[in-house]
Each structure stands twice: as C-alpha cells, then as structure tokens.
1. Whole-Hz ³J(HN,Hα) for each residue in the stretch 127-132, computed from phi via Karplus 6.51 cos²θ - 1.76 cosθ + 1.60 with θ = phi - 60°, x for glycine and proline: what do you get?
2. What residue among Leu191, Val215, Gly114 has its Cα farthest toward the positive end of the dipole of the stretch 114-230, where the charges are +1 on Lys, Arg and -1 on Asp, Glu, each on the Cβ?
3. Identify the GluC sites (Glu not before Pro) of the stretch 769-818 meeting these criteria: DSSP loop state and at most 13 other C-beta atoms within 10 Å of the C-beta.
4. Among Ile428, Met69, Ile761, whose Cα sits farthest toward the positive end of the charge dipole of the chain (+1 at Cβ of Lys/Arg, -1 at Cβ of Asp/Glu, about the Cα centre)?
5. How much accessible area per residue does the chain have, in Å², with a 1.4 Å probe?
6. Could you calculate the contour length gain from Glu695 to Asn313, that is, 0.36 nm times the residue separation minus the distance between their Cα atoms, to one decimal place in nm?
7. Compute the distance from the alpha-carbon center of the stretch 87-161 to that of the stretch 436-484, in whole Å.
8. If you place +1 on the Cβ of every Lys and Arg and -1 on the Cβ of every Asp and Glu, how big does the dipole about the Cα centre of the stretch 234-324 come out, in debye to the nearest 20?
Amino acid sequence: MTKEEELEMQKAILDPASLQIASLERLDKALDGKFDIVDPNNPFAFLMENTTMLTTSMMQKTENTMRQMYPVLANDKKDLYHHINDTEINNIMSVPGEAIFNIFFNLNDIINNGIETTYSYEISIPKNSFISVDNTVFTILNDIIIKYFKNGGVYVEAVYSDLDLAYRTNKTLDSSITTNNDGTNFVLVSLPIKQVKYYNIKESILTKQPFIKDVVIDDYFTYLTARSISTSLKKEIELEKTFSEFVYNPSRPSILIKPMDELLRLEIPSVYTINNSISSYVDMDIYTTKGDINLELSTYSTDEFEMTFNLTNAAYDSSAVINNVNCFITASTNVYGGKNEISFDDLKDKIINYSTGDNKLPVTLQEVDDFVTNHGYQFMFTTDTIVKREFAISKYLGNLGYNVNSNIDLFIGKLDINLSRTFTSKIIFDDNSITIAPYQRFRLEDGILVPLTDNETNLLSILSKDDLSSYNSKEYFLNPYLYILDYKDNLKTRVYDINRPIIENPVALYNNSPITPVELIDRAIERRDSTYDIKLILGSGNKILKLDPTKVKAQLDLSLDSINNLSYRGELKYDNEIGSFLHFVLPVEGYINSEDKMLFIDSISKVNSAFINIATDVVLSIYTSGEEMSDVDGYDISGILDDDVTSILYKEKIDIRFADNLEAVYRNYNVNFLERKFMTYENDVYLKYKTDIYELDEDGTVKLEYNDETGIEELVLKHTAGDDVIDDNGNKVLLHRAGDVILDSNDRPIIDYINGLTHKIDLLLIEDSFARTSDITYREYILEYLYQLSLLPVKEIPLLEQSLVENTVFKLTALNNLNEVTIKLNDEWVSFDNFIEPTITINLLRGTSILVDSVLEAKLATTLQGLLSENLMFNEAEEKLKEVVGGDVISVRLSNIVNNDISSIEYKDTSGRFILSKQLLRNNSGNTIVSSKIKVNVVTI
C-alpha cells in the first residue's frame, strides 16, 4: 500500500464519503473513463454506499478493539477498565475522607424517650443517617447503639455491617457524660464519619429487555451495592459488579458500572433478563464522595451542622425514638484521608506497567513504586546487600484533620557521635552501646546536626516562651524514638517507641458482685523518665467508692514465667478531671537490652527483667483490707502482698505493651576512624604475682614448717597473689609503660572506641517547634501525629511486607533530609540550603481588596509545600496559588526561593527538596502556635 493510500484509509475512518469518492476514482481509472454512472438511483450506487459504510464501520470497530486490547492506544477509561480486576478498581476510584464528630444527646430525653430495659435506656442511630454542613454530606454507615445504664455508665457501639466502607466488626466508640454551663447533662458520642453521600435507587426490571439507568450525582462515584429482588419467589440476589461490558459471568448476575462526568450509568446485560436470572426489580445503594477536600469543620458553629436520621428500614426498635432526643453537633477534626479519582493518564501508565492494584509479589522497582503508592506511601530508595534487599519508603501524614496553620514534616538527619565528647543526659554510653533517648534536642548548624546540652535545652525552653525571635532564628529538631547503638555487636542499631505504652484486651476473671460490683471504664498507662504510671479509672456508679479509700487496695502482678513474677501495690485516688482511679507506679532501670527486656523493680524491691510486650500475663486484683465484709470467698490469695485481706472484690487479666520494637524503621549506622587508634595504658603497669608463691627448699621441693598452734606442717607463703614483683635490686618490675598499646587475649591491639572513632547514625526527626506550642489544638495534633507515625512501622508496614518476596523488606524513612538541596541552574547542578522563606505577591485591580489572614497564609503555605515536593514550573505553581487565593485576583507571583531569575525547579534527588521554615507565633489568645515562614504581599495595579 502506498503512502497516499494509507492517508486515504486513515481519512476514511472519519469520513466515509471520502472512501466512496476514492472508489469511484479507481473505477473510472480502471475503465479508462469510457463508462460513467449518470443515475444516482442506479443499484450500483446503493451497493457502493452500503459497502463504504460497512467498510468504515469495520475499520472503526477494529480501531476500537485495538484500543481496548492495547492500553497504550486507549483514549478514555472505558478502554482500560477491562484490564483491571474488581479488587484493583478500589485503588483507582475516589476514596472518601473522614472526620470525627462530637454528637451531644440530651440525657433527660434519652431517659424519658429511650427504650427501657432492666439495666439501661437505649436509643440507636440507624445506618445511612447523615450530617450536612456547607453542602457536604457525612454519612453514618453502621447502626449505632447508645445505652445509658441506670448505674450512671454509658456504652456506645457501632454494629457490624457487611458494607466495605463501614466497620466490619462490632466496635466500641468513645463516649462520656458531660454537663454544659446551665447544668444540662448530655451523652457525648465521638463518632468517625466518612464523607460520603448515600443514594438508594429502586427500578423495575422488564423481562427480556435491557436495563439502563442514568443517575445524576453531585460528586465522584466511590462505591455501590445492588440486589435483584424477586417479588414472586421472595428471593434476593446480590449482584456482582463489573466496570467492563466485556467482562462478566453469564451465570452469575452482574451490574455494569460506568462512571461519567456528573453521571453514573448502570446497566444490567440482557443475558440475565433473557435467562430469567433476575426479575421484578433491582435495589441499588450508591455512595459518592468529594474525595480530597479541605473543609475546616472546626470553624463552623453548631447551628451549621444538620443531622438527618434515616428511619427507612431501621434495624432496631430504638431507632424509632431517635427524633424525640434533642442533639447538637460539633467537629473535633477537619476532614482527612480523602483521595480523588485517579486520572486517565495515571491509570494508563499503571496498566502499562502492570501496577494498578495490590501486586502480591512486586519485584521490579517500578512495581514496588506503584505498590507502595497505592497504599499512600512514597518510594524513596533501595539498599541491596548480599543477604537481603531493603526498600526505604515514607508517608506524608499531613494535618490529620486538625485545624493548624502548618503541618509537621518528618526529616532524616545524620548525627556524628564522638564518645570522647561530653554529652547530654539523653545521650549516654557504656562499654557496649550508645543510647539516644527520646526528645533529645538538636540544632542545625551549616547542615550539621548538633545535639544540645542540658543547659542549652533549658535555655531553649525559656526562649520558646519569652523570646520567640531568638528561637525562630535557628532550626531545631527532636527525635521521637529511642535509639540504641550496639557498637560492639556488629554495629547493630535498635529503635524503640517507649512513649506510647498501651493496656489492652482486658478479661474479667472474678467479680464479687454480691458485695460491691466493680466496673473499670478506662485503663491508662504513661511512660515517665524512670517509671510507668498506670491509672485504672472507676465509673462513678461503683459502690466501691462508698468504702473507706484507705481500706481499698489493689495489686498488679506481672508473671515473667511459671515461677517468677513482679508485684505492685496500687492506691485508690481521686482527680477532678477523671474521678476516682487506682494508681500504680512501676519503676524501671535504664532502657531496653538486646533481648527486648527492661529491668523492673516491684513493690518489695525485687528486681527482674521483663519483655517490653507482656501479653496475657498481667493480673489485676482489687481487694479490701481491714474492712468488715464477707470472707475471701475461697479465692486464692496466696500472691497478695498484704496479710489482712478481707474480701477479693475483682480480678482481671490484661495485656500491657510497654514499648514497641520498631524493626521497620530505616537505620543506617556506621563507624569511621578519625585516625586508627588503639587502647593504651594511661599509667605504668607493674608486674604482679598472679597466684600465691610459696618458699622452696634447696632441692626445689615445697618447703614445709611445723605450726605449733595447729600441730601440722604447713606451706610457707613467700608472695601473695597481687603483690608487686621485686627484682634483685629491690625495684618493682615494669610490665607496661604508660602509652603502650593494650593487647587482647589473642595478643591483638584493642580498638579505642572512645577517642579513635566517630559513630554516624541516621535519626528520624521532627521540628522542635511543634513540641513548644501552648495551644491545645497543636498539642493534640502532635500527640496524634506521633501516634499515627508509630502505627506505620508497628502495623502498616509489616502488613505490606507480607506481599514481598523472600529476603525483601520495607523500611520507614522520611520524605526530607537535612542535607543541601541540589537543583539545576543554568544547565548545572547547584546546591542550596533546604529551608526557605519564600514571598508570594498577590496582584489586584485597583479598587479591590482581599483579606490576608492566618487562614489564607496557612492554605498558601500548605499548597506551596505540596508543590515543592517535586519538580515544578513557576507559572503552573502560581496558577495553583491563584486558585487558593480566589476572588478578584489578576495574578500571583512566587519569588525568593533561590533567586528571582529562575522559572522552574528541577531536583537532582527528591529526598533533598525545599522545605518551608517554621516559626513560633502568638495567636490572638496569647498561645504559641507554629506557622510557616512565608511573606504575603498585596499589590494593586
């Protein structure tokens, strides 16, 4: 085929008439122009038109088939869906965000209108009830049962649902009794709710007719369930879901989902209506979401939240009374965790690279990169050794729904340790290891991480309260974890989280209810400098509180093995905030040894080591001592420390996790010789007798002398072991001179680990400024951030590793390092400091204005930091910033990053990227908060 003919064929696909013209020209040429078709009604013309249309239709069909067969040729998502299985679809659809709402139910209304049982009053929130705020809907996806007990307790539970978006198990929710200023009591329920909107569609099905239903939706499609219901057979069939009209099982009824812009098309292939697999009508539950949204819920008043209860098909009778119970709503977090639908170009790339879903055995770097990206992580780098392969990954946690002006960034910094220097109380060493305790402060000086001494740390605390400008003039960091470097054990590094101990899995063993039933409503444990502080909180309805508090005792037993245990006495105390509680103090010595054990000291000064994770081996006993009550009911009291036990009131078994071994945290530890040094003797060492030396006779045999007191012959001692060896001249014999090298038992020089080496370790760090804030929101934010950060190596990453091949692991690292940033400038790689203080200039028309407040600055900073995380063009970044500003803005200009001449940023390594500097500021309430250092100018033109 000639080039001209190829062009004609390509044109014919879109223009069938051109193919007809080309055919007539070829016919005319073949007949030498001797014949012509003069009558359009000639059957030949009709046949040619038919042939042309059939040909072009087949060409179009072939082209469409090729686009569906080969992803690289695809034009839209429908060409790609049949390359994806049902599980992988979940990774490309929008993911709803979530926020935690506080719902306050009037307690008197619950008592007066709730369903009364023997022990409680009950109401329930039916599933698919929703909260509306600012045209955004948050839907409750489980039935929520609320019980107020007549003894004053409250219990709230989310009931199991088979919906993938909901809780798939029964879950106890946070709840409490609270009182407002006028003395009205409320049941407070803290409820995580997903940002989804619920639609229910019921449509009749016509026999042997195709089913097509278009549903207009406001947001992005995220999830659907559908059931075929036969009224005659009274049978319900769950429909399988497919996103491709070519992929479904004719024997298993399916519904075809076609997401479009502002429209969701639902189809049931005709094969199911023809073979009577489904009939009567189809019932569909559709869920949509706005995806990744920035909705600052904490700025809305209670009047702006509207609750709507969905009483249709409510599963519990107690739902019928819910409208008779007054309630109001606040939000404790902003929306977090949402994700927009994947774009066509990204989906196409993932399918081409075979990485759309959870690849169970990702091998290539591309597969690993896409695998971790699907789970919200970023692939950083890989480390290969002879025996294993490590993939370093990181995750950006953001603001976690808190209304803060700046987000916490995670860094990795390299610390150089020379043991000959004087260190702080948090950096200590012994003959075998170096310990870096949590919350050691560091200062960044010319790219070098410098640990602060105790005096400097104390001074920093003063500056962060009284002299913010001095504090903000430098960059300070802290390490949240415990690092132990075993430098004599093959340079092994151990990382632990000791700041978030937990008590879990309580199991009641005994409750002496005829005397006084005991109810523990919460169990809290906190790590202090050298102790663990345990508080077991009692409900206000406990009759135990009527007893003499000096006579109520408690004991905690940690069983180490079948023989050994540690026992601790507890006291009944009272606190204005939490009420009555049992208090235990568990002293510990040092940190954690190489066997993951800590040294505990119990109430009778017995010392023993216990694993940091004590599982089902901790027993709590509550008893009375010296109180006139019933006997001990035959319960075994052999382990109780007090002798005058009168009644065992309660026993339970719990699990305590004192610390977590963060195996999944990246660590890079090596030792460099400053100069090859060996241990030397500080002073002259003289030869000493190693054993006792006895007198000898002239013949060389041992000399014996008769002892008048004992009446026997005894050896005659000449030199005692440890005595100096004296030469013939009466001088001590020199063994080693001062400065001589010390040799080991194999006559090899011993390395000087103190003066001859520098130890280099990579530490995970966060900005110190967040730990200095006095604002309650920021303090809650950093606690939640550290908790969520610890979940990554403890729970998330081990689950991801189950999908890896042998001898391959994931290690958590940071998105940012404290090295210099290298970017391309005038075709050369140039390095700069990675902390910047950029300027954003907003250009307005004369006569217009805009309010630049902390909220707008925070939004601009968050957007800019996200843009700086990868290569960017300034014009595109400025358009994004313009969208954030909104209003009558002509343009936005970005400057003062490196210099004002650059128009783009291309990183040499994305682990070294520009970071907005942080600063401590005082808000209108006088509290210190953290804000990014950006300057916003407004210019009228």
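1. Values per residue, Gly and Pro as x: 4, 6, 5, 8, 10, 10 Hz.
2. Val215
3. Details: sites: Glu780, Glu784, Glu796, Glu801, Glu806; in loops: Glu806.
Passing both the DSSP loop test and the Cβ count: Glu806.
4. It is Met69.
5. 52
6. Extra length available between Glu695 and Asn313 comes to 126.9 nm.
7. Centre-to-centre distance over Cα atoms comes out at 44 Å.
8. Dipole of the stretch 234-324, to the nearest 20 debye: 620 debye.
The values are calculated or read from the model by the stated rules, or taken from the named source; none is laboratory data. Since this is a predicted model, take the numbers as computed values, not measurements. Every residue, glycine as well, gets a Cβ built from its backbone with ideal geometry; the counts of neighbours run over all protein chains shown. SASA here: full protein model, heavy atoms, side chains in, ligands and nucleic acids out. Shrake-Rupley method; radii C 1.70, N 1.55, O 1.52, S 1.80 Å.
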